[in-house]
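Notes for the one structure printed next.
The values are calculated or read from the model by the stated rules, or taken from the named source; none is laboratory data. Here the structure is a predicted model, which is why all the values come from computation and not from measurement. Cβ placement follows ideal geometry from the backbone for every residue including glycine, while neighbour counts extend to all protein chains displayed.
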Amino acid sequence: MYDWLTSKVAMSIAAAILVAVVLGFVWEQNRSYNNIGFQNIADEIANACNKVSASSCNITHLLTSKKGIQNSTFISPTSGGAKYKVLIWRDSVELRQAELSVRARFSTIVHLWKPGELWETNATSLKDADTRINNNYCISFDGGHDFIIEQKLLLVGGSFIYTTFIYLKFTPDDEDSDGLPTWWEITNSLEKEINDASNDNDNDGLTNAEEFAQNTKPTLNDTDKDGIADGYEVKVLHTDPILYDSDTDGLGDGEEILQGYDGYLTNPTKSDTDGDGYSDGLEVYYGTDPTVATSHP
């Protein structure tokens, strides 16, 4: 009896350690991927500044963190699923999100203007404005805005001294008045100038408005890739369409509603279907029946 109990305790400890290691690995991988994504965005902005600075005058660079979209100036509002802040300094760009921070440097000094300030100034006031700009000055904004880097030569005090400048062009909150933020429509390749809130682009049973409310992808019918359409999760199963395992019992939602590899039909909204004190995933792991209370590890 003692040996049996000892082995069970050892197995439980080993399982707990394994879960901790796996979760730690997943967390570190996500953090690493997010860092890479951050660095790519920062490098893209820095490269855009360098490109404009090296070109002839009156050239505007239209920047986007979404590749392949021509003439877009939109910077995605999230990285790794969370909002982030962009800081543009005179000689570098920095991106911040919680404990993450990455930086990319420009090869040249740039002149910065706050949103709306550029079009309200003339050559004289530009010279005055530049005296206020030092290495501690920066434009700071959250992802989810248009962003423009442009080069112009402005005649101030008898000489061409102003070259590259950076400014923001804010995206309207809801251009087509359909209840969906413009940044969300741009990010998800929807029509920002046409009311498409009632459309179901991915045929998953949720309208675009419902997708926005649920934080699901309007162009992907199974956002969490658990094998169940988003609409069915929300309206029939009442599971979380953005979580692969809604009840965190170790079994994916799709596996719970089908007799898949484990051979059981379990409740995807209840971590312990038979109420015996052991999660469904744990029972499957130990080979007991998660639907029968008298069968447990």
*When you go through (1) at pLDDT 75 or above; (2) of a type in the set (Asp, Glu); (3) in contact with a Pro (Cβ under 7 Å, 6 or more places away or on another chain) one by one for ASP196, which number turns out not to apply?*
(3)
_Residue pairs, Cβ under 9 Å, 6 or more apart or interchain, first in the stretch 137-148 and over 17 Å from SER79 (Cα atoms), second part of a loop (DSSP other than H, G, I, E, B) and at pLDDT 80 or above. List them._
TYR137/TRP89; CYS138/TRP89; ILE139/TRP89
*Specify which of the listed residues (GLU191, GLU211, GLU185) is farther than 23 Å from GLU256 by Cα and touching a Pro at 6+ places or on another chain (Cβ under 6 Å).*
GLU211
*Scan the stretch 200-240 residue by residue and report those that are among the charged types (D, E, K, R), in a helix (DSSP H, G or I) and farther than 18 Å from GLY252 by Cβ.*
GLU210, GLU211, LYS235
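Take the stretch 211-224 and flag every residue that is within 13 Å of TRP184 (Cβ to Cβ) and not aliphatic (A, V, I, L, M). Break it down into steps so the answer makes sense when it comes.
Pass one, the stretch 211-224, residues within 13 Å of TRP184 (Cβ to Cβ): 211-219.
Of everything in the stretch 211-224, those that are within 13 Å of TRP184 (Cβ to Cβ) and not aliphatic (A, V, I, L, M) turn out to be GLU211, PHE212, GLN214, ASN215, THR216, LYS217, PRO218, THR219.
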